[in-house]
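As structure tokens, the structure follows; a few thoughts come after it.
The values are calculated or read from the model by the stated rules, or taken from the named source; none is laboratory data. Nothing here was measured: the structure is a model prediction, and the numbers come from that model. Cβ sites come from the backbone with ideal geometry, for glycine too, and all protein chains shown count toward neighbours. When the accessible area is computed, the model is the full protein with side chains, heavy atoms only, and any ligands, DNA or RNA have been set aside. Shrake-Rupley method; radii C 1.70, N 1.55, O 1.52, S 1.80 Å.
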Amino acid sequence: RERTEFWKVLTQPEAVPRNAPTVLLFAEDDDLAPAAVIKTFSGELMSAGWRVQGLCWPRSEHVGHLRQHPKEYKAAISAWLEKARDVWREMHPNVLAAHPHIAKL
């Protein structure tokens, strides 16, 4: 039931712009968030037009990815933040024009 409600919110056009990047970090051995479910969810998002990047480790403790795979985790998050920044800049050109110091970020 919660997943259905969550999906309804995500698929509403005003909830999140479709061009906003999404990153999913998960592991094959995670019983709390099974990789098969995450992969299916990722596919559903992509079918709905989302930009999804996934990183799946063979083994990683649930929500312990940063601690167990720090370089890969940080690289994935950095790439996601750069994409999110670019989308924000595209969506808010007037803000950038009015505040040029923000464009340097």
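Pick from the stretch 45-85 the residues that are basic (Lys, Arg) and in contact with a strand residue (DSSP E or B) (Cβ under 8 Å, 6 or more places away or on another chain): which of them is least open to solvent (accessible area, probe 1.4 Å)? Before you say what the answer is, go through the steps one by one.
At the first step, the residues of the stretch 45-85 found to be basic (Lys, Arg) are 51, 59, 67, 71, 74, 83, 85.
The next check asks that each one be in contact with a strand residue (DSSP E or B) (Cβ under 8 Å, 6 or more places away or on another chain); those that pass are 51, 59, 83.
Values: Arg51: 101, Arg59: 173, Lys83: 76 Å².
The qualifying residue least open to solvent (accessible area, probe 1.4 Å) is Lys83.
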Quiz item: Looking at the stretch 32-44, which of its residues are in a helix (DSSP H, G or I) and open to solvent by less than 90 Å² (accessible area, probe 1.4 Å)?
Solution: Ala35, Ala36, Val37, Ile38, Thr40, Phe41, Ser42, Gly43, Glu44
Exercise. Please indicate, with yes or no, whether at least one residue in the stretch 86-100 is surrounded by 14 or more Cβ atoms within 10 Å (Cβ to Cβ) and under 12 Å from the mean Cα position of the chain (by Cα).
Key: no
Quiz item: So, of the residues in the stretch 21-50 that are β-branched (Val, Ile, Thr) and in contact (Cβ under 8 Å) with a residue 12 or more places away in the chain, which turns out to be nearest to Tyr73 (Cα to Cα)?
Solution: Val23
Quiz prompt | Output for the stretch 67-87, where each listed residue is over 18 Å from Thr22 (Cβ atoms) and either part of a helix (DSSP H, G or I) or among the aliphatic types (A, V, I, L, M) (or both) | solution = Arg67, Gln68, Pro70, Lys71
